[in-house]
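Reading through the structure tokens given below for one structure.
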Amino acid sequence: MNILVLNCGSSSLKYQLINMENEEVLAKGLCERIGIDGSRIKHTPNGKETIIIEGDMPDHKNAVQYVIEALSSEEHGVIKTMDEINAVGHRVVHGGEEFACSTIITDEVIEAVVKCTDLAPLHNPANLIGIDACKQIMPNVPMVGVFDTAFHQTMPEKTYLYALPYDYYRKYKLRRYGFHGTSHKYVSHRAAEFLGKDIKDLKIVVCHLGNGASVCAVDGGKSIDTSMGLTPLEGLAMGTRCGDMDPAIIQFLADKEGLSIDEINTILNKKSGVLGISELSSDFRDLEDAIEEGNKKAELTMNVFCYRVAKYVGAYAAAMNGIDAVVFTAGLGENNGDVRSEVCSYLTFLGVDVDEEANKCRGIERDFSKEGARVRSVVIPTDEEMMIARETARLI
Ligand code: ADP
């Protein structure tokens, strides 16, 4: 069974075609600049060079058509015809309170996702466009929606309620939802397997540290708290997002700088975090270079970032009354040993004890704790696409 996994952004579309018999990724790629001049598709068949196909993609329907052509082309295709795609798994960012698990996409489901658009105005519309495009092009192929928020629907009320007038929750479902759920679920389950333990017996904190970053407390396989909230702005300092801050700052900035709410929102989402403090870049690779050249501001930015991660791990150790493992994933978590090491340096009181030699690894599964450490420190590369494919296969 071949499953096409799609992740639609407003002007991009990421895809993978996975053979579920052996979980082999047959091909993957990215359509860029959809609806903008210069659209193109970067297509990588398994084990071969990436090719770039320039194409006219005024909308996502055209992009899906290009993807299918690339996948089934004689030159660089991996299937003969579209009929070899047995199902499509869609990443959907916000499932609100409606979706506590993945679901087969029906007209009713689409309606319910439309209703969640208020909660994710930047993401859900693009996901819906992708669903609609597939519905038109492959009307008989079953589709499954896998929600970023679903894994966190096990959070108890005391975790997800904001201390705001309850009526806003009643009226608008204004509450904490959390994101990166597909990644947190995959990584926590894989970590348990890797450690040779039953996930039901484990208290795990997963640190998903990418451009967007969040921490999740997973108790017995269930998310009981996570650092992102109603939107992905809450929590850690991220590439360009501010994370937690005093809400009074909004009024302060409006008064001092004469900014509108929209303008402040843009600053908090796009100009803050690592980029905001470092005044250099949102990308940690640039920061690493700058730190090596003695840039103190870059070092400070890294200190702020790591301190916040550690604070959340500490908080979640309290939330679960202890932890068995702290797990690192995503771009930074998988590749930046300095970040891992600095975060862990705050956690020795919990029983974290890092083997610095073992921590010199990138993009591989590894337990980098010293022998006998009470809490295991582990790297598990995330694989959201595989998780979406597995969920899709399970449901169809
Ligand atoms: P996104 O949230 O956009 O998916 P990623 O998970 O790709 O983000 O993470 C992006 C961050 O991870 C950047 O700060 C980048 O510097 C870092 N990163 C990604 N890949 C590497 C790598 N191979 N080596 C070092 N840092 C990396």
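List of remarks:
- Segment THR106-ASP118, length gained on full extension (0.36 nm per residue, minus Cα span): 2.3 nm
- Cα gyration tensor category, rounded, prolate or oblate, for the chain with a/c compared to 1.5: rounded
- With the cut-off at under 20 Å, measuring from each backbone N in segment 69-96 to a point 7 Å along the Cα-to-Cβ line of ASN140 picks out 69, 72, 79-89.
- Helical mean residue ellipticity (222 nm; -39500 (n - 2.57) per DSSP H run of 4+; nearest 500) of the chain: -11000 deg cm²/dmol
- One chain, two ends: GLU49 and ASP37. Fully extended at 0.36 nm per residue, the span grows by 1.8 nm beyond their Cα-Cα distance.
- Partners for LYS256 among aspartates and glutamates (Cα-Cα distance below 20 Å; same-chain residues under 8 apart left out): ASP246
- Applying the criteria of a DSSP loop state and at most 14 other Cβ atoms within 10 Å to the chymotrypsin sites (Phe, Trp or Tyr not before Pro) of segment 249-334 yields no site.
- FRET efficiency for the ASP201 to THR154 pair, using the beta carbon distance and R₀ = 25 Å, is estimated at 0.90.
- Cβ-Cβ FRET estimate between THR266 and SER73, R0 fixed at 45 Å, reported to 0.05: 0.65
- Solvent-accessible area assigned to carbon and sulfur over segment 1-125 amounts to 47 percent, based on a 1.4 Å probe.
- Taking the protein heavy atoms of segment 242-396 in the context of the full set of protein chains, the accessible area attributed to carbon and sulfur is 49 percent at 1.4 Å.
- Computed over the chain, relative contact order equals 14 percent, with contacts defined as Cα pairs under 8 Å that lie 6+ residues apart.
- Residue among PRO142, PRO121, PRO232 with the largest mean-square fluctuation in a Gaussian network model of the chain, springs linking Cα atoms under 10 Å: PRO121
- Using θ = phi - 60° and Karplus 6.51 cos²θ - 1.76 cosθ + 1.60, couplings along segment 84-91 (whole Hz; Gly, Pro as x): 7, 8, 8, 6, 10, x, 9, 6
- Förster-model FRET efficiency, 22 Å R0, PHE349 and ASN303, C-beta, rounded to 0.05: 0.70
- Dipole of segment 284-396, positive end: most advanced residue of ALA389, ALA317, GLY363 [Cβ charges, Cα centre]: ALA317
- Placing a label point 7 Å from the Cα of ASP244 along the Cα-to-Cβ direction, the residues of segment 199-227 with a backbone N closer than 11 Å are 227.
- Summed over the residues of the chain and divided among them, the accessible surface reaches 47 Å² per residue at a probe radius of 1.4 Å.
- DSSP bridge pairs, the chain: antiparallel proportion in percent, nearest 5: 70
The values are calculated or read from the model by the stated rules, or taken from the named source; none is laboratory data. This one's a predicted model, so the numbers in the text were calculated from it and none came from an experiment. Cβ atoms come from the backbone with ideal geometry, glycine included; neighbour counts cover every protein chain shown. The area values use the complete protein model at the heavy-atom level, side chains included, leaving out ligands, DNA and RNA. Shrake-Rupley method; radii C 1.70, N 1.55, O 1.52, S 1.80 Å.
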